[in-house]
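**Q** Have a look at the structure that comes next, please.
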Amino acid sequence: MSGTFDCTRCGACCCNSEENRAEGYTAYVEVGRRDALNEHPELLERWTTPDAHGVPHLKLDRDGRCLALKGRLGRRVRCEIYPLRPHGCRRVSEGSEACLRARRERGIDVEAGRVELRR
Ligand code: SF4
Ligand code: SF4
């Protein structure tokens, strides 16, 4: 099947991966020095937690979801800080291997929700 996915009906890559969990990571994507989120201390405080070196990383809830992810996985989701999401959040593209792996890990059928690309 061709096409791509509608991320607003997924959210799988906004959750800690099995690999990260196995390695004991309890926070998510790093907020780099050049990420615009750094210019918003109140948002940093709310959505991130510092690692052992003081570098902010996105906070996870007890289910391993980024705290900024709202809604129901695989149904309808939104990112509370979408315009300011760190660089690392922008790496996974719809339909890529990482995307398909994340969907599988979260039990979101790989083919379900695939939409045709509009040209
Ligand atoms: S796993 Fe893929 S479809 Fe789901 S939100 Fe991430 S990039 Fe979008
Ligand atoms: S900040 Fe937004 S895009 Fe990044 S992991 Fe969290 S919910 Fe997903």
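No lab work stands behind these numbers, since they all come straight from the coordinates. Quantities reported herein were computed from a predicted structural model and do not represent experimental measurements. Heads up, the Cβs are rebuilt from the backbone with ideal geometry, glycines too, and the neighbour counts pull from every protein chain shown.
**Q** Just how large is the dipole of the chain about the Cα centre, in debye to the nearest 20, putting +1 at every Lys and Arg Cβ and -1 at every Asp and Glu Cβ?
**A** 480 debye
**Q** Here's a follow-up. Relative to the compact globular guide of 2.2 N^0.38 Å, what is the alpha carbon radius of gyration of the stretch 27-97, as a ratio?
**A** So the Cα radius of gyration is 1.11 times the expected 2.2 N^0.38 Å.
**Q** Please list, by residue number, every one of the GluC sites (Glu not before Pro) in the stretch 11-108 that is coil in DSSP and has at most 12 other beta-carbon atoms within 10 Å.
**A** Sites meeting the loop and neighbour criteria: Glu23.
**Q** Based on the Cβ-Cβ distance from Glu39 to Arg78, what FRET efficiency comes out when R0 is 30 Å, to the nearest 0.05?
**A** 0.85
**Q** As I understand it, the dipole of the chain uses +1 on the Cβ of Lys and Arg and -1 on the Cβ of Asp and Glu, about the Cα centre. Which of Ala68, Asn16, Tyr28 lies farthest toward its positive end?
**A** Ala68
**Q** Build a GNM of the chain with springs between Cα atoms under 10 Å: which of Gly54, Gly74, Gly95 gets the top mean-square fluctuation?
**A** Highest fluctuation among the options: Gly54.
**Q** How do Leu43, Leu58 rank when sorted from fewest to most other Cβ atoms within 10 Å of their own Cβ?
**A** The most exposed by this proxy come first: Leu43, Leu58.
**Q** Ratio of alpha-carbon Rg to the 2.2 N^0.38 Å globular estimate for the chain, to two decimals, please.
**A** Here the answer is 1.08, to two decimals.
**Q** Further, regarding this structure: Expressed as a rounded percentage, what relative contact order does the stretch 7-110 have, with Cα pairs under 8 Å and six or more residues apart?
**A** Answer for the stretch 7-110 is 38 percent.
**Q** Give me, ordered by chain and number, the residues 5 or more places off Cys10 or on other chains with an amide H under 5 Å from its own placed amide H.
**A** Gly74, Val77
**Q** For the chain, set up a GNM with springs between Cα atoms under 10 Å and report which of Asp63, Asp35, Asp109 has the largest fluctuation.
**A** Residue with maximal mean-square fluctuation among Asp63, Asp35, Asp109: Asp63.
**Q** Related question: With runs of 4+ DSSP H residues as the only contributors, calculate the mean residue ellipticity of the chain at 222 nm using -39,500 (n - 2.57) per run, divided by the residue total and rounded to the nearest 500.
**A** -4500 deg cm²/dmol, from helical runs alone.
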